[in-house]
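J.: What follows is a structure written as C-alpha cells; I'll ask about it next.
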Amino acid sequence: MYTWNWKTGHLDRLARYTGLEIVGGVLAPGKWVHRRAHALWDSYIHLHQAQEHNVALQKEIQNLKLEVIRLRKEAQTASRLRKLLHFSPPPEWEFQGADIIGSRIGPNAVLQTVTINKGSRDGIRQNTPILTPDGVVGRTNQVSPHFSTVLLITDPNSNIPVRGQRSRTNGILRGQGLRRQLQVKHVPQNSPMYEDEVLVTSGLDGLFPKGLPVARVEKVTISDLSLFKDVQARSLVDVKQQEEVLAIQCTKIDSAPVQNAKP
Amino acid sequence: MRILSWWVFFTAVCIWVQNSLPGIDCFGPALLVLLHLQRYKEAVWLTPVWIVINEGAGTLAFGLSVLWIGGLVLVFFILCQYLSSSNFAFLLTLSVLAGIWQLATLRLMLTLQELNIPADQIVLQSIQTTLLFPLLWVAMLTAFKRWGQPRHVSP
C-alpha cells in the first residue's frame, strides 16, 4: 500500500482532500471567533478611537514595508544590471493574505509547519512562497481546496538558495529546528559574508522570487577542516507571533537576466 | 443521531487538543478505550475517519497512522491476554509501549521518506505520548461513559 501510494499519490490526495479539509473546517471557525472577539475588544471596549487609528497605521506600515522591500530590490538590481542591455523586466508579484489557523496537528506532523486558510481554490499551489512584511516564512507543502500547510524555513528539510545583501555571496539556508539558528551552507572560505548582513532569496531555485529578505547573519566562523565557512543566521520572522501571512503568486521569475542580454 | 453528533463533537474537540499540543494523538487512545468498552462497531467505522484526519493534517506520506493505530490495537489485544484492561498496570504498560511504538514508527517512516528531523524532537514526542496517554485514557473513559453511551431502548 505504501509503495503504491508512493508511486501514485492517490492516498495522499485522498487524505489531503478529506483530512486537511476537516481539520481546517474545525479550526477556522474557532480562530475566526477568537479574532472577532479580540477585534471587538480592541476596537470598541479598549480605547475605541486610538485602537482604530493604530490598526490603520499598522496596515499602512505593513504596506510601506512591502514597498520598501520591492524598491530596495529593484534599486540594487538596477545598479548592477545598468551596464547590460535588454535585461528582462522585474516580475509582477501578487500578494494574497491568509490567516494562520493551526500549527502541527497530530503525530504525523513532524515537520515544522503551520496551517493557513487558503488552498488550491484560491490559486495556492505546492511550493508557493509564504512571507510577512518582515521576511520569508516558508513555502506551502500540502494543499487542499481551502487550506494549506506551510513548511517553515526553520525546518531541517527546508533549503532555500540565498545571497548576502551586501556581500552578494550565495549559499543555501537550511533550518535546524524551531528555536534554533539557521545554517548557511556552501559558503566558500574565500568569499565574503558579513555578520549582521541580511540574507535575501537568490531566486536560483525557481520557487522564490529574487530579493526577499529571509534571515540575518549572526555568526561567521572559518573552519580549518572544511572548504566552507560556518555561517549561523536567525530568521527575520518569529512565526509564533504571526497571525496573518502573505502568499506570493508570481507568474514569471527574473532568475536569468544575463542570458537575455545581447552581446 | 445523538451518538453521531457526539462523535462529531468529540472529533472536533480532539482536533483542537491536537492543535494545542503538537505531536499528541487523541484518536489512538480513544480507539483503545472503545475496544476496552467492547464497542467494536463504533471502533470499526471511526478508525478510518480518524486515520484520514491524522494523515491529512500530517506532513508525511500516507501510512504512518495505519501503522500507529494497527500497532496500538495489536499491543492492546496482546496485553489483554495477560492483564485485565481495567488494571492500572495494564494502562501503565500500554502507555510505555505506545511511546516506544510511536518512536519506532516515526523513525521508520522518516527513514523511508529520507526526511531529516532532529532525534531529540522524536524522542520528546514519544515521551510526551507516554506521559499523556494515561490522562487521555482516563478522560476519555469518563467522557464516553457519561456522554458517549448509545441509548438502549427497552423492548
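The values are calculated or read from the model by the stated rules, or taken from the named source; none is laboratory data. This is a predicted model, so every value here is computed, not measured. Neighbour counts run over all protein chains shown; Cβ positions are idealised from the backbone, glycine included.
J.: I'd like to verify a number: residues in segment A:203-233 that are touching a Lys or Arg at 6+ places or on another chain (Cβ under 8 Å), of a type in the set (Gly, Ala, Ser), at pLDDT below 90 and under 30 Å from A:GLN249 (Cβ atoms), how many?
T.: 2
J.: Scan segment A:148-160 and tell me whether some residue there is closer than 28 Å to A:TYR17 by Cα and small (Gly, Ala, Ser).
T.: Within segment A:148-160, one or more residues are closer than 28 Å to A:TYR17 by Cα and small (Gly, Ala, Ser).
J.: Can you tell me which residue in segment B:76-104 is farthest from B:PRO48 (Cα to Cα), limited to those that are β-branched (Val, Ile, Thr) and touching a Ser or Thr at 6+ places or on another chain (Cβ under 9 Å)? Break it down into steps so the answer makes sense when it comes.
T.: Within segment B:76-104, the first condition is being β-branched (Val, Ile, Thr), and the residues that meet it are B:78, B:93, B:96, B:100.
Restricting the remaining residues to those that are touching a Ser or Thr at 6+ places or on another chain (Cβ under 9 Å) gives B:96, B:100.
On the way: B:VAL96: 25, B:ILE100: 23 Å.
Residue satisfying both the conditions and the ranking: B:VAL96.
J.: Taking the condition of being outside any helix (DSSP H, G or I) and more than 14 Å from chain A (Cβ to nearest Cβ), how many residues in segment B:74-116 meet it?
T.: Matching residues across segment B:74-116 total 5.
J.: Anything in segment A:3-19 that is over 18 Å from B:TRP50 (Cβ atoms) and either surrounded by 16 or more Cβ atoms within 10 Å (Cβ to Cβ) or more than 7 Å from chain B (Cβ to nearest Cβ) (or both)? List them, or say none.
T.: Once the filter is applied, which keeps residues that are over 18 Å from B:TRP50 (Cβ atoms) and either surrounded by 16 or more Cβ atoms within 10 Å (Cβ to Cβ) or more than 7 Å from chain B (Cβ to nearest Cβ) (or both), segment A:3-19 yields A:THR3, A:TRP4, A:ASN5, A:LYS7, A:THR8, A:GLY9, A:HIS10, A:ARG13.
J.: Which residue is surrounded by the fewest Cβ atoms within 10 Å (Cβ to Cβ), if the candidates are limited to segment A:184-221 and must be touching a residue at least 60 places away in the same chain (Cβ under 8 Å) and assigned to a strand (DSSP E or B)? Can you show your working first?
T.: Within segment A:184-221, the first condition is being touching a residue at least 60 places away in the same chain (Cβ under 8 Å), and the residues that meet it are A:200-201, A:207-215.
Of the ones still in play, those that are also assigned to a strand (DSSP E or B) are A:200-201, A:213-215.
On the way: A:VAL200: 25, A:THR201: 24, A:PRO213: 22, A:VAL214: 26, A:ALA215: 27.
Per the stated criteria, the residue is A:PRO213.
J.: Within segment B:33-50, identify whether any single residue is at the interface with another protein chain (Cβ under 8 Å from one of its Cβ atoms), without any contact (Cβ under 8 Å) to a residue 40 or more places away in the chain and closer than 25 Å to B:LEU115 by Cα, and answer yes or no. Break it down stepwise before answering.
T.: Of segment B:33-50, the ones at the interface with another protein chain (Cβ under 8 Å from one of its Cβ atoms) are none.
For segment B:33-50, residues at the interface with another protein chain (Cβ under 8 Å from one of its Cβ atoms), without any contact (Cβ under 8 Å) to a residue 40 or more places away in the chain and closer than 25 Å to B:LEU115 by Cα: absent.
J.: Step by step: first the residues of segment B:28-59, then only those that are of a type in the set (Val, Ile, Thr) and part of a helix (DSSP H, G or I), then the one that is farthest from A:TYR17 (Cα to Cα). Which residue is that?
T.: Restricting to residues being of a type in the set (Val, Ile, Thr) and part of a helix (DSSP H, G or I), the top hit is B:VAL33.
J.: Next up: Inside segment A:33-62, can you point out the residues that are within 14 Å of another protein chain (Cβ to nearest Cβ) and at pLDDT 85 or above?
T.: Of everything in segment A:33-62, just one residue is within 14 Å of another protein chain (Cβ to nearest Cβ) and at pLDDT 85 or above, namely A:VAL33.
J.: Here is a follow-up. Report, by residue number, each residue of segment A:95-126 that is closer than 30 Å to B:ARG107 by Cβ, in contact with a Lys or Arg (Cβ under 7 Å, 6 or more places away or on another chain) and in a loop (DSSP other than H, G, I, E, B).
T.: Of everything in segment A:95-126, nothing turns out to be closer than 30 Å to B:ARG107 by Cβ, in contact with a Lys or Arg (Cβ under 7 Å, 6 or more places away or on another chain) and in a loop (DSSP other than H, G, I, E, B).
J.: Only one of these is within 24 Å of A:ALA15 (Cβ to Cβ) and modelled with pLDDT under 90: B:ILE69, B:ILE117. Name it.
T.: The conditions single out B:ILE117.
J.: Let me ask another. What strands (runs of 3 or more DSSP E) lie completely within segment A:127-183 and have 3 or more residues being farther than 14 Å from A:VAL200 by Cα? Break it down stepwise before answering.
T.: Working: elements: A:129-132, A:135-143, A:148-152, A:159-164, A:170-174.
The qualifying strands (runs of 3 or more DSSP E) are A:135-143, A:148-152.
J.: In segment A:98-122, how many residues are among the small types (Gly, Ala, Ser) and at pLDDT 90 or above?
T.: Residues that pass the stated criteria total 3.
J.: Within segment B:117-131, restricting attention to residues that are at the interface with chain A (Cβ under 10 Å from one of its Cβ atoms) and among the β-branched types (Val, Ile, Thr), which residue is nearest to the chain's Cα centre (by Cα)?
T.: Across segment B:117-131, the extreme among qualifying residues is B:THR129.
J.: Determine whether B:THR142 is exposed (fewer than 14 other Cβ atoms within 10 Å of the Cβ) and under 30 Å from B:ARG2 (Cβ atoms).
T.: Yes, satisfied.
J.: Shifting gears a bit: For the list (1) under 13 Å from B:PHE133 (Cβ atoms); (2) surrounded by 21 or more Cβ atoms within 10 Å (Cβ to Cβ); (3) within 10 Å of another protein chain (Cβ to nearest Cβ), I need the number of the one condition that B:CYS14 fails.
T.: (1)
J.: With respect to A:LYS73, determine if the residue is facing chain B (nearest Cβ under 10 Å), buried (at least 16 other Cβ atoms within 10 Å of the Cβ) and basic (Lys, Arg).
T.: On the way: facing chain B (nearest Cβ under 10 Å): no; buried (at least 16 other Cβ atoms within 10 Å of the Cβ): yes; basic (Lys, Arg): yes.
Judged against the criteria, A:LYS73 is not a match.
J.: Do we have B:TRP68 as in a helix (DSSP H, G or I), more than 7 Å from every other protein chain (Cβ to nearest Cβ) and touching a Ser or Thr at 6+ places or on another chain (Cβ under 9 Å) here? Break it down stepwise before answering.
T.: Values: in a helix (DSSP H, G or I): yes; more than 7 Å from every other protein chain (Cβ to nearest Cβ): no; touching a Ser or Thr at 6+ places or on another chain (Cβ under 9 Å): yes.
No.
J.: Hey, B:PRO150 hits all of (1) part of a loop (DSSP other than H, G, I, E, B); (2) within 14 Å of chain A (Cβ to nearest Cβ); (3) exposed (fewer than 13 other Cβ atoms within 10 Å of the Cβ); (4) not charged (D, E, K, R) but one; which does it fall short on?
T.: (2)
J.: Okay, next question. Quick check on segment B:53-65. Is at least one of its residues of a type in the set (D, E, K, R), away from every other protein chain (no Cβ under 14 Å), within 30 Å of A:THR3 (Cα to Cα) and within 15 Å of the chain's Cα centre (by Cα)? Spell out how you get there, then give the answer.
T.: Step one: list which residues in segment B:53-65 are of a type in the set (D, E, K, R), which gives B:55.
The next check asks that each one be away from every other protein chain (no Cβ under 14 Å); those that pass are none.
No, every residue in segment B:53-65 fails to be of a type in the set (D, E, K, R), away from every other protein chain (no Cβ under 14 Å), within 30 Å of A:THR3 (Cα to Cα) and within 15 Å of the chain's Cα centre (by Cα).
J.: Report the residue count in segment A:122-139 for those that are under 12 Å from A:VAL245 (Cα atoms) and within 14 Å of chain B (Cβ to nearest Cβ).
T.: 2
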